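Notes for the one structure printed next.
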Amino acid sequence: MSRQLNEQELVRRENLEKVKSLGINPYPSEQYHVNAKAAEIRANYVKDSADYQDVILAGRLMSRRIMGKASFAELQDSTGRIQLYVSRDDICPDEDTDYYNKFFKKYLDLGDFIGVRGRAFFTQKEELTIHVTELVLLSKSLKPLPVTKKDAEGNVYDEVSDPELRYRQRYVDLVVNPHVKDAFVKRTQMYTSMRDYLNAKGYLEVETPILQPLYGGAAARPFTTHHNTLDMKLYLRIANELYLKRLIVGGFDGVYEFSKDFRNEGMSRFHNPEFTQIELYVAYKDYEWMMDLVEEMVEKVAMDMHGTTELQVGENTINFQRPWKRYTMYEAIEHFTGVDISEMDEEAMRATAKQLNVSVDNTMGRGKLIDEIFGEKCESRLIQPTFITDYPVEMSPLAKSHRSKPGLVERFEAICNGKEICNSFSELNDPIDQRQRFEDQLELGKRGDEEAMVLDEDFLRALEYGMPPTAGLGIGMDRLAMIMTNSDSIQDVLFFPQMKPESGNPSPEATDSTSDE
């Protein structure tokens with residue numbers, strides 16, 4: 001069933017046919033040889049110089065002011081906008097005035113991709129402009145770009161502010177809000193900085209399966225799918241930890257992966273069911289060593305991206321300069337609640353949680369209760385980057401028992417701006433202890449904990465061959481990107497965040513004729 005077109009779309013399709021009637025291909029196949037960008041010309045052109053006198057640019061037509069035989073327009077490429085001066089006599093040297101009077105003035109629409117050739121100059125109003133000598137259509141736009149904002153004088157601005165439209169139609173958001181690109185450019189810089197740091201240490205970037213016969217490596221509920229040929233259930237990975245550890249067993253000293261992981265859980269401005277993390281495993285190291293690495297690497301990321309370790313994030317000024325503050329889990333809870341829970345059993349812990357107005361239920365074991373108390377009473381109050389160390393064994397089925405504190409494991413999380421950004425262990429490499437931990441998780445699953453881990457016999461078999469002492473790390477790239485780009489929502493650092501299906505209502509659009517004079 002074909003979609004019903006609105007009035008503006010009908011006009012654009014009529015213009016499409018009129019363009020064709022002039023013998024112009026609205027979707028040409030030939031490559032267009034661009035030799036300059038708008039930002040480059042803006043940065044380098046000096047008035048009356050001999051530079052940029054034969055430039056070829058391509059981009060979207062974003063505005064147009066018709067002035068008889070000559071017009072001004074704006075072209076937007078991937079680096080920004082630049083003004084065009086278009087004269088009938090220049091682009092119609094063979095006296096084919098229809099090319100200007102019909103094609104340029106009437107049949108071109110805002111949003112169309114065009115290519116122009118010309119020379120740079122400054123107008124009398126000192127506006128950098130390209131005097132166009134050749135103009136071609138590269139691709140016809142059949143939908144108008146949203147126009148949603150006017151100033152007090154009635155001037156119309158192309159700007160999308162509605163989050164529903166911005167996140168669902170990111171391609172439109174990027175066109176009319178070019179500054180949105182900055183967060184994604186910075187995100188790529190963040191990845192590059194980390195890769196450079198880890199590669200310089202000799203660690204190997206690897207890839208591990210996304211479709212897994214068993215999910216593991218984290219406490220989370222998975223997405224399930226089915227492989228038709230093998231007739232078996234598969235899971236989208238919730239973590240890549242168990243596969244990376246297999247590679248340490250196999251003889252690599254250090255491996256890391258930027259992994260897409262999937263967890264079937266709630267959504268918020270801090271959670272997306274599909275997310276990215278980097279996991280790193282290094283042989284012959286422990287969690288104390290890994291804390292030093294995290295401080296050094298994240299400090300480097302801040303410097304590479306911003307030239308400083310001090311960043312403004314919302315209302316907070318955050319400083320990533322080493323060293324970061326450190327609390328044990330029990331110390332943090334006592335510091336923020338005044339209650340020492342270190343010697344409490346499960347029932348006492350449950351009663352304490354209720355006294356602290358922390359919501360709990362009977363499916364929660366001791367570890368889950370501690371996690372809820374910490375999350376409710378401590379996490380949001382940790383603004384500067386802080387390490388929380390030495391977790392109860394019940395919370396960490398894959399971490400090594402603490403060398404000097406019975407009942408605890410060698411684990412840390414880094415908290416920043418009120419949210420966890422990384423998690424790390426001295427990895428458990430005792431296969432007998434690991435089997436018992438998995439079996440304890442199975443019991444939690446029987447009690448109704450949907451995030452309890454499953455037992456992975458192949459991973460246990462790998463450990464039985466022997467895994468050296470190993471430090472492991474996982475950093476949530478989306479949350480770190482939020483901090484590094486001063487973004488309020490995880491949706492602002494994901495090109496295509498998960499959304500509910502559209503209701504069927506058309507997206508808000510306004511006429512673009514107000515930008516045409």
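Look at region 181-193: where a residue is without any contact (Cβ under 8 Å) to a residue 40 or more places away in the chain, no partner that is basic (Lys, Arg) and not in a helix (DSSP H, G or I) sits 6+ places away or on another chain with Cβ atoms under 8 Å.
Yes/no per residue for (1) farther than 12 Å from Thr386 by Cβ; (2) more than 20 Å from the chain's Cα centre (by Cα):
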position	(1), (2)
Asp286	yes, yes
Trp289	yes, yes
Met305	yes, no
Thr309	yes, yes
Arg326	no, yes
Glu331	no, yes
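Within region 276-292, being in contact (Cβ under 8 Å) with a residue 40 or more places away in the chain and more than 19 Å from Leu398 (Cβ to Cβ) holds for one residue alone: Thr276.
Considering every residue within region 182-196, establish whether at least one is over 24 Å from the mean Cα position of the chain (by Cα) and modelled with pLDDT of 95 or more.
Of all residues in region 182-196, those over 24 Å from the mean Cα position of the chain (by Cα) come to none.
No - not one qualifying residue is present in region 182-196.
Just one of the numbered conditions (1) touching a His at 6+ places or on another chain (Cβ under 6 Å); (2) assigned to a loop (DSSP other than H, G, I, E, B) is not true of Leu234: (2).
Selection over region 419-444 of residues that are acidic (Asp, Glu), open to solvent by 20 Å² or more (accessible area, probe 1.4 Å) and modelled with pLDDT of 85 or more gives a count of 4. Of the residues making up region 85-97, one or more are farther than 20 Å from Ile24 by Cβ and out of contact with any Lys or Arg (no Cβ under 8 Å at 6 or more places or on another chain). Filtered by the rule that a residue be β-branched (Val, Ile, Thr) and more than 30 Å from Ala302 (Cα to Cα), region 448-496 gives a lone residue, Val454. Scanning region 307-349 for residues that are within 26 Å of Met482 (Cα to Cα) and either without any contact (Cβ under 8 Å) to a residue 24 or more places away in the chain or among the charged types (D, E, K, R) (or both) yields a total of 10.
The rows are residues; the columns are (1) charged (D, E, K, R); (2) open to solvent by 60 Å² or more (accessible area, probe 1.4 Å).
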position: Gly367; (1), (2): no, no
position: Phe374; (1), (2): no, no
position: Thr386; (1), (2): no, no
position: Tyr391; (1), (2): no, no
position: Pro397; (1), (2): no, no
position: Ser404; (1), (2): no, yes
position: Glu410; (1), (2): yes, no
position: Asn417; (1), (2): no, no
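With respect to being open to solvent by less than 50 Å² (accessible area, probe 1.4 Å) and out of contact with any strand residue (DSSP E or B) (no Cβ under 9 Å at 6 or more places or on another chain), Ala348 fits the description.
The values are calculated or read from the model by the stated rules, or taken from the named source; none is laboratory data. Quick caveat, the model's predicted, so the values are computed rather than measured. Cβ: placed from backbone, ideal geometry, glycine included. Neighbour counts: every protein chain shown. Calculation scope for accessible area: heavy atoms of the full protein, side chains included, ligands and nucleic acids excluded. Shrake-Rupley method; radii C 1.70, N 1.55, O 1.52, S 1.80 Å.
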